[in-house]
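Here's the structure, in structure tokens; my notes come after.
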Amino acid sequence: MTFIKLLKQAPLSAKIGMVIILINVAAALLAPVIAPYEEAQKVGSVWLTPGQDHLMGTDQVGRDLFTRMLYGARNTISIAFIITCIAFAIGSGLGLLAATVEGYLDSMLSRLVDIIMAFPPLILALMVLSIFGTSIPILIFVIALIDSTKVYRLARALAMDIRALEFVEVARLRGEGLLWIIRREILPNAAPALIAEFGLRFSFVFLFISALSFLGLGLQPPTADWGSMVRENAGAIAFGITIPIYPAAAIAFLTIGINLVVDWFLQRSAQIRAQ
Amino acid sequence: MDNILKIDNLTIKGYWDGNTTVLLEDIDLQLNRGEVLGIIGESGAGKSTLGLAAMGYTRDGCDITEGSVMFDGKELVDATKKELTQLRGSNIAYVAQSAAASFNPAHRLVQQFAETPVRHGHMTFKQAKQKAEKLYKRLNLPFPDSIGYRYPHQVSGGQLQRAMIAMALGCDPDIVVFDEPTTALDVTTQIEVLAAIRDAIKINNTAALYITHDLAVVSQVADRVMVLRHGRLVEDGETREMLENPKEQYTKDLLNVRRQKCDNTKSHKEVVLEIQGVDAGYYPGQNIVEDIDFKIFRGQNVAVVGESGSGKTTLARVITGLLPPNKGKVLFDSKSVSPDVRQRSLNTLRRLQMIYQMPDVALNPRQKIRRIIGRPLEFYSGLSGKAKKKKVHKLLDMIELPSHYYDRYPSELSGGQKQRICIARALAAEPDLIICDEITSALDQLVAEEILKLLQKLQTELGMSYLFITHDLATVKAIADEVIVMYKGNIVEQGNKKDMFDSPDHDYTELLLSSVPEMDPDWLDNLLLKREKVS
């Protein structure tokens, strides 16, 4: 089945999801082209209402909010995407390995994960960031590591279930190597649940970055990101100004879009599996 | 008019993915008070759908499109939900196949027994408890006054099934629908449950629908039998009459399954597998099987029989090397092989293949048939490209599946077809011995017979040996040369099939053999009578 045919078959909800994701990705990629101003350029007074000059008004220091939104998409989506990818590479890789090999390796990895999870994630992130300083690579590494523990637990639990099925035993009896068993027998069956988790994790990473930004340890100003834009402008609500709604809605919008697509994907894979 | 249940030209349709399938078409059925009607057919025949429809219920996505279901003069098809709730449980009860899955593991048996009568306001909890004791006693459960205080996991499978029957009889219903109540049980426990069901419905003068795929079982309990196929009625009539002279070809086929026997006494010389003094278990010092000794010759069929928990599967795990034994040796081709699968040579692994009970979980749902069968070819023989494709097609041909299955996923195949794929996968390795672990027990009788025929045909062509692990003595009768009887982890008897079936030496073997239902309505009576005399 070709890719285009596949897309045509998608239900309306998934199509809506895909459009939302496309809009976001386009905004992120084309930010420098579309944006009317510079990312950190002050263009007017504080909290201007939306109008002809400023599509969405201005923020707490008088920067154009529309511009900030576009750059925010660029920064937040790319960083959150990279973080989630790394978290999944580490977490699911080790999780599947631990469940398949069992024994000491499993015990060691699982206890290590328990130790990391014993720290409240925010505190752990704060600790590491204040020791190593707040650069984007370190930010990515820390959040990815913290997130990978959750992915590890999920992947391991999934693999434990699949490993008990007889087709895995068949592969073992055939004499297949560890990598083959993980890649060909276990991973394809764990993939739907992992992909669904990917959508969810991706949204959580957003929120985590914004929490760190609020505490001054995330993305550093004047870099725009949606999370800190909500926090920084939160005070405006008290004056009846709707500015913080825009970045908050953007986060919600993208999260819903991703999950609509993920749902469709899950349903499709359940159809192949079921009966 | 004594009809307690009357179904008139009932049609039920199911909707999936926008397609409509007819599940039942134009079914008529009458059930009198105190009468037992057996409904038989293979899976997908619509037996359960009919059983549920008798309670005015259809599964999600199904609809009664035509016809009527009259219970005691009352129409159920357009009854309100409230009316149906009132009827179900108190006037119509249902006994499912798997008691273990139907009981809530967190509540005691008697609590679950009391739920329905108390909820319907028929009894207080105390009365329900007394009723339970009475029924437990009638169903021959041990310790009827205290067994109700056990949790479901604290009683055996057969006892649990009887506890569930007691639950169904709790409100003295007019009709009980039994949906394969003994299918999940061993033959020896099946007898207890069958006898209990028969007595209980006789005493209460309850009418029953008895759904099963096993004609021999149904002939023990049912007064009349309906044969269903693809949602249509094939034949119905008095049990005796139908057994003696079936009209339709399909019914004849069903009847012939158990009667078919074959005698393949071949001379065997070359030993393929030898097990010497094996003790094995999952913890050191705790043996599940003990003192196992036997040989399998080339081209021979050996059957290991015994009920669940007798250590059959543990034995298979020892042979395949998944469970290294605590003591003893496994010899392949008269050469000792490593007890651990990870240390065996590829050639040893190739020569020993396995087929499993549940083809659904033995095939990776994410791999296409071409990959499932092709992988052993590529792995052991290094085939690739066109040569591999050709061989896969040849194997598909051998297992009598059309070649366009090459590009399908397992989920697009039926149970019997999946089992054929498992066979092809084993054959792809060109093995000397195939271990068949309960390969027919998840299949319908006619399909199972086809599979056994296929295995026999392949054996004549390729000359490998089979080790059957089974609790189904019909399989043994059909295919084995030699039989090994296991009981509580030990071999209690082993020898030639014919000798053993003719004159079993060990008491357990005799019990096991005599417990296989026969197509004779008097079989259960005679058997129970005989056993009573002996004890």
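The values are calculated or read from the model by the stated rules, or taken from the named source; none is laboratory data. These numbers come from a predicted model, not from an experiment. For neighbour counting, all protein chains shown are included, and Cβ atoms are generated from backbone atoms with ideal geometry for every residue, glycine included. To get the accessible areas, we keep the full protein, side chains included, count just its heavy atoms, and leave off ligands, DNA and RNA. Shrake-Rupley method; radii C 1.70, N 1.55, O 1.52, S 1.80 Å.
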Treating only Lys and Arg (+1) and Asp and Glu (-1) as charged, each at its beta carbon, one finds that the range B:402-535 has a dipole about its Cα centre, in Debye to the nearest 20, of 320 debye
Dipole check, the range A:88-177, charges on Cβ (K,R +1; D,E -1), about Cα centroid: among A:PHE119, A:LEU165, A:SER148 the Cα furthest to the positive pole belongs to A:PHE119
What percent does the relative contact order of the range B:340-405 come to when contacts are Cα pairs within less than 8 Å and at least six residues apart? 23 percent
Per-residue Cβ counts within 10 Å, from other chains only, averaged over B:358-364: what number is that? 5
Residues of the range B:419-434 that become at least 10 Å² less accessible with every protein chain present than in their own chain isolated, using 1.4 Å: which are they? B:ARG425
Semi-axes a, b, c in Å (a largest) for chain A, each sqrt of 5 times a Cα gyration tensor eigenvalue, come to 40, 24, 13
Expressed as a whole-number percentage, the relative contact order of chain B with C-alpha contacts under 8 angstrom and at least six residues apart is 15 percent
Rounded to whole Å and sorted largest first, list the principal axis extents of the Cα atoms in chain B. 71, 55, 46
Proximal charge balance of B:LYS134 [Cβ under 15 Å; K/R count +1, D/E count -1]: +2
Taking amide H positions as placed 1.01 Å from N in the peptide plane, with prolines and chain starts having none, which residues 5 or more places from B:VAL95, or on another chain, fall under 5 Å of its amide H? B:VAL177, B:PHE178, B:ASP179
Rounded, prolate or oblate (a/c below 1.5 giving rounded, otherwise prolate when a/b exceeds b/c) for the range A:127-261 by Cα gyration tensor: prolate
How big is the gap, in Å, between the Cα center of the range B:457-528 and the Cα center of the range B:217-260? 25 Å
Kindly write out, for the range B:91-97 in residue order, the coupling ³J(HN,Hα) from the Karplus curve 6.51 cos²θ - 1.76 cosθ + 1.60 (θ = phi - 60°), rounded to whole Hz, with x marking Gly and Pro. 9, 10, 10, 9, 10, 8, 5
Spelling out what I want: for every residue of the range A:217-229, take phi, set θ = phi - 60°, compute 6.51 cos²θ - 1.76 cosθ + 1.60 (Karplus), and round to whole Hz; glycine and proline get x. 10, x, 5, 8, x, x, 4, 8, 9, 4, x, 6, 5
Run the Debye formula on the Cα coordinates of the range B:307-422, all scatterers equal and no solvent, and tell me log10 I(q)/I(0) at q = 0.13, 0.18, 0.21 1/Å. -0.64, -1.02, -1.16
Quick one: dipole size for the protein assembly as shown, taken about the Cα centre, charges +1 on Lys/Arg Cβ and -1 on Asp/Glu Cβ, in debye to the nearest 20. 2360 debye
How shielded is A:172-182 by partner chains, expressed as the average number of their Cβ atoms within 10 Å of its Cβ atoms? 4
Most to least packed among B:422-433, B:76-87 [average Cβ atoms within 10 Å]: B:422-433, B:76-87
Which percent of the accessible area of the protein assembly as shown is formed by carbon and sulfur heavy atoms (probe 1.4 angstrom)? 55 percent
Give, ordered by residue number, each residue of the range B:393-416 whose 1.4 Å probe accessible area is reduced by a minimum of 40 Å² on adding the remaining protein chains to the chain alone. B:SER411
Can you bin the range B:67-224 into rounded, prolate or oblate? Criterion: square roots of the alpha carbon gyration tensor eigenvalues sorted a ≥ b ≥ c, rounded for a/c under 1.5, prolate for a/b above b/c, oblate for the rest. oblate
Crossing angle, helix B:109-119 versus chain B [Cα axis fit, 0-90 degrees, rounded to tens]: 30 degrees
At q = 0.06, 0.07, 0.10 Å⁻¹, what log₁₀ I(q)/I(0) does a Debye calculation on the Cα points of the protein assembly as shown give, no solvent, two decimals? -0.54, -0.72, -1.18
Asserting the computed 222 nm helical MRE of chain B (DSSP H runs at least 4 long, -39500 (n - 2.57) per run, divided by residue count, to nearest 500) equals -11500 deg cm²/dmol
Diffing the range B:67-76: the Karplus 3J(HN,Hα) column from phi (6.51, -1.76, 1.60, θ = phi - 60°), in whole Hz with x for Gly and Pro, holds x, 9, 10, 9, 10, 6, x, 10, 6, 8
Hey, what angle do you get for helix A:103-118 against the long axis of chain A, alpha-carbon based, 0 to 90 degrees rounded to 10? 20 degrees
FRET efficiency, 1/(1 + (r/R0)^6) with R0 22 Å, evaluated for B:GLU378 and A:GLU102 via beta carbons: 0.20
Counting only C-alpha contacts under 8 Å and six or more residues apart, can you give the relative contact order of the range B:268-361 as a whole percent? 30 percent
Can you pull the mean other chain C-beta count within 10 Å for peptide B:365-373? 3
Can you tell me the dipole magnitude for the range B:152-263 around its Cα centre, using point charges on the Cβ only (Lys, Arg +1; Asp, Glu -1), in Debye to the nearest 20? 180 debye
Working out 0.36 nm times the residue gap between B:ASN19 and B:ARG150, then minus their Cα-Cα distance, what length gain in nm do you get to one decimal? 42.5 nm
Between B:ASN496 and B:ARG240, what is the spin-label point distance in nm, taking each point 7 Å from the Cα along the Cα→C-beta axis? 3.9 nm
Ellipticity estimate at 222 nm from DSSP helix runs (n ≥ 4, -39,500 (n - 2.57)) divided over chain A, nearest 500: -24500 deg cm²/dmol
If you take the Cα Rg of the range B:9-95 and divide it by 2.2 N^0.38 Å, with N the number of residues, what do you get? 1.09
Of all beta bridges DSSP finds with both residues in the range B:142-267, what is the antiparallel percent, to the nearest 5? 55 percent
Antiparallel DSSP beta bridges within the protein assembly as shown, percent to nearest 5: 55 percent
How would you order A:42-53, B:339-350 from highest to lowest mean count of nearby Cβ atoms within 10 Å? B:339-350, A:42-53
Rounded, prolate or oblate, given the Cα gyration tensor of the range A:1-141, with a/c below 1.5 counting as rounded? oblate
Working from Cα positions, state the angle (0 to 90°, nearest 10) between the long axis of helix B:523-534 and the longest principal axis of chain B. 80 degrees
